[in-house]
1. Relative to the present Cα-Cα distance, how much length would full extension add between Val382 and Asn194 at 0.36 nm per residue of separation?
2. With r defined as the distance between the Cβ atoms of Gln13 and Tyr87 and R0 fixed at 45 Å, what FRET efficiency is calculated, to the nearest 0.05?
3. So what are the three principal axis dimensions of segment 64-111 from its Cα atoms, in whole Å, longest to shortest?
4. Would you mind computing Rg(Cα) / (2.2 N^0.38 Å) for segment 214-281, counting N as its residues?
5. As a test of the definition: which semi-axes, in Å, follow for segment 88-164 when you take the square root of five times each eigenvalue of its alpha carbon gyration tensor? Largest first, please.
6. Report the dimensions of segment 164-292 along its three principal axes from the alpha-carbon atoms, largest first, rounded to Å.
7. In nanometres, what is the gap between the two model label sites at Ser103 and Asp52, each 7 Å from Cα along Cα-to-Cβ?
8. Over the alpha carbons of the chain, what is the largest minus smallest coordinate on each principal axis, giving the biggest first in Å?
Amino acid sequence: MISLLKNKNITNQQSELTNYFDLETAEKVLSFHSTFPAYKPTPLIELKGLSDHLGVKNIWLKDESHRFGLNAFKVLGASYAVTNYLYEYFGIISQSPSFSFFSDEKLKSKIESLTLVTATDGNHGRGVAWTAQQIGCKSVIYMPSGTTISRFENIKSHGADVTIIDGSYDEAVKLAKENSEKYGWLLIQDSSWNGYEKIPLMIMQGYLTLIKEIFDVLNDEIPTHVFVQCGVGSLPAAVVGFLVNHLKEKRPIFIVVEPDDAACMFESVKLSSMITLKNEMKTIMAGLACGTPSKSAYDILAAHADFFVKCTDDVTIKGMQILGRQEFGDPKIISGESGAVTTGLLYYFLHDQKFAPLCEELKLNRASKVLLISTEGDTDPVMYRKILTQII
């Protein structure tokens, strides 16, 4: 099932929040990540076979499975937010933050006494745990019930204290917040609420590295459409914030994509008010299974995203198979359950005639140039192998 919602309250005017996602900031963030010894841009792959099959001009896919060997993009936000927060915490003023900052022997004992804490479905928590490991401090990570052993072990491998709670992602966030206040830990959460906006905003800015890398490759080429998947909304908000700020009236049509039973942003925009979903989230798109939008992300997306889509798991399964099986002769891309949903959605929109009216509304046609982001690789290898060998 696929449902489309057109944003009736969209504005083309820059808002106060989109000012945080300008080109200068993107360049600064990329410069920071370039100080990592393991840094190199992740590939932007042109899917010529798929674009020919679907009858569009271009499809580009940004493959984040190669990011720092962590199989997902989330570390970009966690590392940038932690570094910038600690620069302020230690009273260090710098226009060019560097990851080498943490090798300062004078700061070592102070850093060792810190504990980072967060809640996660998998990728963000691994990014926080990896960052803590790199800088030499402790990390505590809470995960929702139903978390797979592979995602648990991935985070634990970075020395984190990891707990799977008997509750949802939103309940894990609540516990992380409570314990940060109780024990004096530093909360590095990628979702914002009233009174907790600064760190989530820095996390969102951290994602500008992947956006800047994309446009460095595209040069003067501008996509007509950008599809981005959504959990609490931080990544799509960062992307559209940059597009609004940098491209202004030339910006692409922007589509936000969520699982059908975890579409907190879709339902909030539909009601013109942030809501929390109460239903059980059974989607395999674990990284997108969030019941409450991030406040800052909601404010940006409700003002600037053109369309919102919610879809069932068969859509992302199809996307995983298209990319992983090289069904149309394109390079093999390992894209996980939360990474491939936009590829699957684009395929269904353009392949199945029953979606022709939606394509017309989206202005998807032979002249379309589409940008997709595969946000993760096979973060659950068992599930990934199972999906690639099944028939849909």
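FYI, it's all coordinate maths here, none of it is from the lab. Bear in mind that the values here come from a model prediction, so they are computed numbers and not experimental data. Using ideal geometry, Cβ is built from the backbone for each residue, glycine included, and neighbour counts are taken over all protein chains shown.
1. Residue separation times 0.36 nm, minus the Cα-Cα distance, leaves 63.8 nm.
2. Computed FRET efficiency for Gln13 and Tyr87 comes out at 0.90.
3. Extents along the principal axes: 35, 21, 14 Å.
4. 1.30
5. The answer is 27, 12, 10 Å, longest axis first.
6. Taking the Cα atoms of segment 164-292, the three principal extents are 49, 33, 27 Å.
7. 4.8
8. 62, 42, 41
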